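Read the structure below first, then the notes.
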Amino acid sequence: MLAIGLTLASITTTTFSEDRVQSVLVNMTHTERWNRFADKMLELHKKIISAHDIRTTEELGGYFRQPEFFKDIRYYDKKTDRLLSRVQWEAKHPELVHSMEIYFYDEQGRVNRDLGVAYLTDGRNAPMQTMINFHSYPGKLHAFRQFDASNNRIFERCEGQHKGKQVYISLSEMDILEIEDLPKSVMAGAEYKKCFAGLPTTAGKYLTPQ
């Protein structure tokens with residue numbers, strides 16, 4: 001896990017069902033939207049690194065049967081040493097993105113928004129995962145809320161301390177749908193409201209990476 005605690009693997013603890021992946025593959029509107037999101041992310045990545053004096057780190061990575069599937073390159077701003085973006089390029093097809101992350105920071109140097117996209121190893125009809133994450137730091141808490149490129153709220157988490165108590169809230173897309181209207185659910189509680197009051201309820205303009 002990166003020092004800022006955000007990676008495609010670690011941040012998304014929800015399990016994407018076969019139905020969800022299949023819907024990406026067969027729904028053309030969905031496919032076009034997610035491909036456009038990925039294309040715009042790559043454009044944004046190139047724009048950001050061209051505007052900074054950067055340093056990079058590189059390493060090979062992969063999976064059990066494909067141990068060197070991608071080259072993982074991390075792009076840091078030399079002046080602040082902040083991670084600007086991270087791209088995994090397919091090793092055998094170095095022009096193709098396997099996954100990508102872009103980070104934005106507040107005045108205190110904390111991540112306040114990050115974007116992510118990832119493809120399957122054996123199919124590129126559309127990304128299998130897209131993410132738009134918003135972060136908030138109320139008091140001693142860190143909360144983030146996650147949307148996909150179709151503006152579905154798919155995950156949210158909050159952890160830290162509030163009024164001397166340890167807080168840990170983690171809700172998947174299904175959790176949110178099942179309990180958001182229940183008057184005694186965690187989403188109706190004071191800790192939840194403290195965590196997420198400052199976060200948007202839709203991805204809004206950030207459905208187009210910018």
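What to note about this one:
- Annotation note: of L199, L177, the sole residue that is of a type outside the set (D, E, K, R) and closer than 15 Å to F144 by Cβ is L199.
- Qualifying residue in segment 182-201 (condition: under 14 Å from the mean Cα position of the chain (by Cα) and either surrounded by fewer than 20 Cβ atoms within 10 Å (Cβ to Cβ) or of a type in the set (S, T, Y) (or both)): no
- Of all the residues in segment 158-170, those that are in contact with a strand residue (DSSP E or B) (Cβ under 9 Å, 6 or more places away or on another chain) and either free of Cβ contacts under 8 Å to residues at least 40 places away in the same chain or not in a strand (DSSP E or B) (or both) number 9.
- Hey, K184 in contact with a Leu (Cβ under 9 Å, 6 or more places away or on another chain) and either part of a helix (DSSP H, G or I) or basic (K, R) (or both) or not: no
- Unique residue being touching a Gly at 6+ places or on another chain (Cβ under 7 Å), surrounded by 15 or more Cβ atoms within 10 Å (Cβ to Cβ), not in a helix (DSSP H, G or I) and not aliphatic (A, V, I, L, M) when the list is H135, H142: H142
- Among the candidates R113, R86, residue that is assigned to a strand (DSSP E or B) and farther than 19 Å from G61 by Cβ: R113
- Residue tally, condition surrounded by 14 or more Cβ atoms within 10 Å (Cβ to Cβ) and either hydrophobic (A, V, I, L, M, F, W, C) or more than 24 Å from G123 (Cα to Cα) (or both), over segment 35-67: 9
- Filter pass, V167 being surrounded by fewer than 17 Cβ atoms within 10 Å (Cβ to Cβ), of a type in the set (A, V, I, L, M) and touching a helix residue (DSSP H, G or I) at 6+ places or on another chain (Cβ under 9 Å): no
- Residue check for E68: touching a Leu at 6+ places or on another chain (Cβ under 6 Å) and part of a loop (DSSP other than H, G, I, E, B): yes
Quick note: the coordinates plus some simple rules give every number you see, no bench work behind them. Computed from a predicted structure; not experimentally measured. Positions of Cβ are backbone-derived with ideal geometry, glycine not excepted, and every protein chain shown enters the neighbour counts.
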